[in-house]
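Report on the structure given below.
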Amino acid sequence: MLPVGAWVAVAAVLLAACHTMQPVQPSALTAGAVGSVWVTKTDHSTVVLQAPRVTGDTLTGFVDGAFREMPLSETTRLAMRIPARGRTVAVGVTAGVTALATFVYLANRSYVGDGQTCYAGRDGTVVPCCAGKSTVSC
């Protein structure tokens, strides 16, 4: 059994596969149609800007609930997160095939099902059973 941390890591990878980052032109932010933008600054730091808007040469929006203004000249990249439908389908198909293969493997193990099973009789005595024929006493 995998530890909890491994399950969290697997879940994070699977969820990350469902989205991708797409570059955004500053001109697309004038209408306010984008909900949030990842802004990479010239000092290589990245902030998530909520409700971004470009007015002239200034990018405005909210970072951690605080209103911020920054000149576009201080940014190197603007990107938004979008759904990655192809990767999402690939993750779903891979998970389904893995689950099916696991079930087929577990159902077809040759060493399962031939073990000796014994039952107690009506009076509490143990009735021996033949291996492979668990309902027939020897």
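Worth a mention:
- Under 5 Å, built H, 5+ apart or other chain: amide partners of V24: L78, A79, M80
- Rg of the Cα atoms in the stretch 19-83, relative to 2.2 N^0.38 Å, amounts to 0.99.
- Residues of the stretch 20-49 with amide N under 12 Å of the 7 Å Cα→Cβ point at T76: 40-46
- Those residues of the stretch 80-98 whose amide nitrogen sits under 18 Å from the label point placed on S36, 7 Å along Cα→Cβ: 80-84
Rule-based calculations on the coordinates, nothing more; no lab input. Quick caveat: nothing in here was measured; it's all calculated off a predicted structure. Don't worry about glycine lacking a Cβ; one is built from the backbone with ideal geometry, like all the others, and counts go over all protein chains shown.
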